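For reference, the structure is listed below as structure tokens.
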Amino acid sequence: MPEQSQTIMAVDELQAIIQRCQILEEGDFKGEDFSLFQVAGQKCLEDGYAAQLLEVIQNEKNKVIIKNMGWNLISPLVRCIFMYKQEDDKREHCLKILDQLAQLCNPKELFLGLLEQIEQASGEQACQTVMLLLQPLQTVLLKLQNKKAYSLGLSLAMIMNQLTPLPVPYTKQQIQEDKLGLCQCCNAVVDFTKPFVNEVIKNMEKSSEYNDMELKEELLKFCMKCLKYPLLTAQLEQLEGIEEHPFRHFATEIIDILWDIRELIPLVFLHHKSISPHWKNQEFADIERKNSADSLACLSYLMFVQHFGIDCFPMVFSPSYLLQCNMTHIEVLLKRTEESMLSKGLDLFESCLLRMEDNSLLHQYLELRDFINVPQDLVQVMTLCPIEHLRKKSLHILQLFIDKFDTEGKYTLFRCLLKTSNHAGVEGYIIKNIKDQIHFSLMRACDNIWFTGHHLISLLDLVLLLPEGAETDLLQNSDRIMASLNLLRYLVIKDCESDNQTGVWTTLAKIEQNFLKPLHVGLNMSKAHYEAEIKNKKENRREAHSSNTVCSVTVSGEKMPAMTTEMQLQVLHSALFTFDLIESVLARVEELIEVKIKAVMDENS
């Protein structure tokens, strides 16, 4: 009984305030009236009497009061909606109140009240709050005549700020669960923008010189933010068992908006188009530029890899021009370390290269900064990325890139990578490619000036040498050394001294001085060092109580992980085996040189 009288009192208090305000003119409402109305309305909601409050709001006589004071109920109303379960009648009454407030309240006041609720939502409730308030927010924005574009921009910026900290579902299971509601929320936000997109379309159809750019600019900013988050991070491949992939649907919608507001093609091609405010603060300007670069890279990925919006794309551009346009975006993505972004960069690069014929890319493209930077970034992925399938894919793409260049382009690229890769495995791979190009040149009837004669000799100067002479770490550089020896062996076998097409015979003395002799000295020093280490370990093992004693060893200046003596001996023997292998190939090369020289001398005598 006391609880019922307390509730009746709350409703009576609200009715008393309403009756008092009904006789006042709109301009006579005081601050005290607003406070009393808010407290009484909030109490009705908290005590479960939303039905009575709804009746008060729907009463035509209270229209002016609700118009001026109703927005104060937004905060308690949102709290109560989340408090009740889906099927609860009280929740349904609260949702009807929210709808009524959107229709009746002063748009400006209600707009600020709704934004405040979105701003205060965080974590698990962020998406739920946004989805709850999108419809009333849209209703209010459509009523605003002045500053509609500004208010829409503010709303979208606030919404994206609340969503951006949330993790983007990546695996199939995460996407299906959509634990925080992000997938659903993103698509709801796109639907929220549609009336404003339609308004821009209508205005552009009315006049070819559409001057009211503010609404269009706000929609463009929103699309750019969506491209960076969540789309840059999202998994966008078709997933088996998911009929409509939420992020693929979202990507389609964003591309459609850009097309509808006539910004899609300009964004793809006009890389320097200003799409962000001009900041006086350099730090802000740099952040904005980076965000813009990320968004444009994602847009290119969506179009050229996933083929979103490709039907709108003019098919008049050459594959080499499309590659040139995308190199900036590929560079942006390859510099990232996150799997989702790195894989998008590799996919975009591969997609552009597969459109091209082998040997069709002109060497002049290597005069462009991006065409030098991107293969270097690719090398970084090949050598440093912890994800194996991305390392393998980057190696495959590097070969594709090499294959697309004309002969001079291949030559220039090889020189560049030999000088910049700083990785013996990569250098060995490039040297193998050089050997293949020499083979093609020798097999062809026509002259190839880049992989024969003086150009090749200049390239061999970079290949047939030890970086630090006899002091070079042969174990660390074994891939490069073996590739160089195999190349030299091939040249000696395939190119007769009398023909000397490659020029190797005229530069043999230099090769011996810079490569073969230092290699002999280095092998002798390295073998002696490792044999001494093995002897040491064996003596220590005899002295130790057990061969399982854990200790450490330093090889090539680097401390090896803690290992048993047996394990260390295995490593040291493996190193010796590598030196023996190098030595056997070196001996074979020198034997071939000697045989060829002797044959020529016999011929001449």
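The values are calculated or read from the model by the stated rules, or taken from the named source; none is laboratory data. Predicted model only: the values in this text are computed from it and were never measured. Virtual Cβ from ideal backbone geometry, glycine too; neighbours counted across all protein chains shown. Only protein heavy atoms, including side chains, enter the accessible area calculation; ligands, DNA and RNA are left aside. Shrake-Rupley method; radii C 1.70, N 1.55, O 1.52, S 1.80 Å.
Karplus-based coupling profile of the stretch 495-504, in residue order and whole Hz: 10, 5, 4, 5, 7, 6, 5, 7, x, 5, with θ = phi - 60° in 6.51 cos²θ - 1.76 cosθ + 1.60 and x standing for Gly or Pro.
Just the protein heavy atoms count here, and of the accessible area of the chain at 1.4 Å, carbon and sulfur take up 51 percent. Nearest 10 degrees is fine. How inclined is helix 407-420 to the longest principal axis of the chain, computing both from alpha carbons? With both axes taken from Cα atoms, the answer is about 80 degrees. Our summary gives the chain a relative contact order of 7 percent, counting only alpha carbon pairs under 8 angstrom and 6 or more residues apart. Note on the stretch 126-205: lysine pairs with Cα distance below 24 Å, sequence gap of 8 or more or different chains, count 7.
A Förster radius of 22 Å combined with the Cβ-Cβ distance from Lys527 to Glu566 puts the calculated FRET efficiency at roughly 0.55. Note that the stretch 110-124 has calculated 3J(HN,Hα) couplings of 5, 4, 5, x, 5, 4, 4, 5, 5, 5, 7, 6, 7, x, 5 Hz, one per residue in order, obtained from phi through the Karplus relation 6.51 cos²θ - 1.76 cosθ + 1.60 (θ = phi - 60°); glycine and proline are x. Taking the average, over residues, of other Cβ atoms within 10 Å as the packing measure, peptides 99-108, 117-126 rank 99-108, 117-126 from highest down.
Annotation: amide H of Thr502 within the under-5 Å range of Gly453, sequence separation 5 or more or interchain, hydrogens built in the peptide plane. Here's the picture: a label point sits 7 Å out from the Cα of His396 along the beta-carbon direction, and within the stretch 342-381 the residues with their amide nitrogen under 19 Å of it are 342-358, 375, 378-381. The phi torsions of the stretch 520-534, fed into the Karplus equation with coefficients 6.51, -1.76 and 1.60 and a -60° offset, translate into couplings of 4, 4, x, 5, 4, 5, 5, 4, 4, 4, 6, 5, 5, 4, 5 Hz, rounded to whole numbers, with Gly and Pro shown as x. Surface analysis of the chain yields an accessible area of 50 Å² per residue, using protein heavy atoms and a 1.4 Å probe. Sparsely packed loop sites in the stretch 202-265 (the GluC sites (Glu not before Pro) outside DSSP H, G, I, E and B with at most 14 other Cβ atoms within 10 Å) comprise Glu209, Glu237, Glu240, Glu243, Glu244.
In this structure the amide hydrogen of Leu361, modeled in the peptide plane, comes within under 5 Å of the amide hydrogens of Phe405, Asp406, none closer than 5 places in sequence on its chain. Among 71-77, 416-422, sorting by the average number of other beta carbon atoms lying within 10 angstrom of each residue, highest first, gives 71-77, 416-422.
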